[in-house]
Amino acid sequence: MADAAGDPFGMWRTLMQQWETQANAALTEITGKEEFSREMNRLMAVSLRLQGAFNEAVEKALTTFNMPSKDDVARLSDRLGVIETKLDALLAARGTAPPGPPPARAKRTRVPPGEARGR
Amino acid sequence: MSDAPGAAQIDRLRTAMERAVQRNIKGWDYLSSPGKAGGVSRRELLAKRGTMNLYHYDHMVEEIYRTPLLMVMATSNPSYVFDLLPGQSLVEFLLRRGHDIYVLEWTKPSREENRLRFEDYVLDFIPTSIEAVAKHSGEADVSLAGYCMGGLLSLFYAALHTDGPLRNLVCFTTPFNFSKFGAWNVWSDPKYFDVDHFVDTVGQFPPEMFVAAVDMLRPVSRVTGAVQLWDNLWNDEFVKTKRALDKWAADTLPLPGELFRQAAKEIIIANKLYEGQLEIGGRPVDVGAIEVPFLHVVAEHDHIVPYEVARELVGGIGSTDKEEIMLKGGHVSLIAGAGAVKRMWPKLDAWLAPRSI
C-alpha cells in the first residue's frame, strides 16, 4: 500500500482501495440474493429463447439461399481438425524428427540442496 | 539525500510529476500495441487428441530430479499462465530448479467434443498423458499438479487410480465443499436455473458467461483495475504482467456442454464430491483412498474458490504425508505474477524436490 503521509497520490489510492472494498461488498450482497438470481436467470431464459428462435430463422434463411450455416462451417472445421490430428499421428508413427540434433537427455540423479547423495 | 527542510516532499512531488509524464508517453504505447500472447519456454508437443494437448518442456539444467511432474491446467483457460513471461514463468522456475516438466492443456473443444464428461478427462485423457510421460521420461511414476478445475481432475484421477503410477499430488486452489460456494450456489439454484435447458440450447458453456460471472463476484474491480493500471503506467513490469494476465483472462475457453451439465448438477448443486456420493464411470470417487503425498496450496484472498470451499480437502485425503499451505494473493496471483515468484514457487519446489528423487 502507498505511504499516504508523504505521497501526493497516497491518500487518493487509500480512498480508492477503501471504495473498492466497500462497493464490492455492497454489490455482492445484492448479487448474492435469491431475488437477483431469480431475475438474472429469468433474463437468461428469455435471452436463450430469443437466441434459439434467431438461430432457427437464420438457419432457414441460409438453407433457402443454399448457403452453409455457421454449424456447417464449424462441422467442416471439426473434420479438418480430425484430419490434421490423424496426419500428425501418421507423421509421428513414421518417426519424423524435427531438423537438428535431438536434445541431450538430462541425468535424473538430482537431489535437493543439502541432502546427501546415494541415500 | 538532501538536508533542506521539505526536500523529501519536493522529491516525492518530482517523482509524481515524472510518473505523470511517463504515464502519458507509455499510455500511447499501451493503446497502440497488442498484448503479449504468453508461453515463453521451449516445448515439444508430445500428444494431441482433440481438445487434449500434452507438452514437454526442454530441460534447463544438466541434472534433474528423477520423478517427472505433469501439470494439469483447468479446462477453462490456456496453460500459458504457467509460463507467462520471462522471469515470471512457473515452468521456467521449476526447470531451473531441476524439475522435469510436462503440461496437459486443453484447447477450445469442437462441437463433437460437447459430449465430453469427467469420465473422458479422468479415465482417458489423464491416464493416456501419464502413459506418454512415462514412456518419454523412462520413469515409471509421475507427480501430478492441477490448478483449480485441473486440480479437481487430478484429484479424481488420484482417487480412482490408487494402485497407479502416481508419486505425489499437488492441488492449487481446488474446490471441495461446494455448499460453501456463496453466490455460485445462489445463481445455480435449480429453482431458477435450468441446467438442461441451458446446455441443450447453447451446446457449450460460453466463455463470456464465465468471465461475466467471475466479474460479478467483484463487480467494481474491473473499474478499479483500470484506474490502477493508469496509476502504474510508468512501471513497465507492472504493465507487462497486467497485460499478460488480462490477455489470459480474455482467452477463457468454452466448456464442453456435457462437462458443464455434469459439474453443475453433480458437483456444484448436489455437492456429491464432498458428500462422498460422486461416481465417475460407475466407480465411487473417494478422496480418502488417496494415500500418496499430498499438498494443497490455497490463496488467502481467492474470491473464485474461497477458502471455505477448499478448506476441508486436506482433511479428507487419506495420506499421512499431507499439507495445506495458505499464501497471500488471489486465485490467479497465487500461481502467476510478481507475488507468486516470491511466495508460492519456492514453497512448491521445497515440497516437491525431496519427494521427486
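Just so you know, all these numbers are worked out from the coordinates, no wet-lab data involved. Values in this document were obtained by computation on a predicted structure and should not be read as measured data. Because the Cβ atoms are built from the backbone with ideal geometry, glycine has one as well, and the counts that use them run over all protein chains shown.
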Self-check item: Phi-based couplings in Hz for the stretch A:72-79 (Karplus 6.51, -1.76, 1.60; Gly and Pro marked x)
Solution: 4, 5, 5, 4, 4, 4, 4, 5
Quiz item: How many angstrom separate the Cα center of the stretch B:60-88 from the Cα center of the stretch B:122-147?
Solution: 14
Practice problem: Quick one: dipole size for the stretch B:220-349, taken about the Cα centre, charges +1 on Lys/Arg Cβ and -1 on Asp/Glu Cβ, in debye to the nearest 20. | Solution: 420
Quiz item: From the square roots a ≥ b ≥ c of the eigenvalues of the alpha-carbon gyration tensor of the stretch A:31-94, which class results: rounded (a/c under 1.5), prolate (a/b over b/c), or oblate?
Solution: oblate
Exercise. Classify the stretch B:71-130 as rounded, prolate or oblate, taking a ≥ b ≥ c as the square roots of the eigenvalues of its Cα gyration tensor: rounded when a/c is under 1.5, otherwise prolate if a/b is larger than b/c and oblate if not.
Key: oblate
Quiz item: Between B:K108 and A:F54, what FRET efficiency comes out of the Förster formula 1/(1 + (r/R0)^6) with R0 = 35 Å and r the beta carbon distance, rounded to 0.05?
Solution: 0.95
Quiz item: How about the stretch B:95-177: which GluC sites (Glu not before Pro) there lie in a loop by DSSP and see at most 13 other Cβ atoms within 10 Å?
Solution: none
Practice problem: Find the relative contact order for chain B and round it to a whole percent, using C-alpha pairs within less than 8 Å whose residues are 6+ positions apart. | Solution: 21
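Cα convex hull of the protein assembly as shown: mean projected area in nm², to one decimal?
Hull-based average projected area comes out at 28.7 nm².
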Quiz item: Dipole magnitude of the protein assembly as shown about its Cα centre, charges +1 at Lys/Arg Cβ and -1 at Asp/Glu Cβ only, in debye to the nearest 20?
Solution: 960
Quiz prompt | Packing-based order for B:59-66, B:168-175, A:9-16, using average beta carbon neighbours within 10 Å, highest first | solution = B:168-175, B:59-66, A:9-16
Quiz item: Which shape class, rounded, prolate or oblate, goes with chain B when its Cα gyration tensor gives a ≥ b ≥ c as root eigenvalues, a/c under 1.5 marks rounded, and past that a/b bigger than b/c marks prolate?
Solution: prolate
Practice problem: Treat each spin label as a single point 7 Å out from the Cα along the C-beta direction, and report the B:V61 to B:R14 distance in nm. | Solution: 4.4
Practice problem: Scan the stretch B:164-266 for trypsin sites (Lys or Arg not before Pro) in coil per DSSP, keeping those whose Cβ has at most 12 other Cβ atoms within 10 Å, and list them by number. | Solution: B:K191
Quiz prompt | chain B: angle of helix B:207-217 to the longest principal axis, Cα-based, in degrees nearest 10 | solution = 70
Self-check item: chain B - mean residue ellipticity at 222 nm from DSSP helices (-39,500 (n - 2.57) per run, n ≥ 4, rounded to 500)
Solution: -11000 deg cm²/dmol
Practice problem: For the stretch B:280-357 and the stretch A:19-86, write down the distance between their C-alpha centroids in whole Å. | Solution: 33
Quiz item: If you count, for every residue in A:23-31, the Cβ atoms of partner chains within 10 Å of its Cβ, what is the mean?
Solution: 4
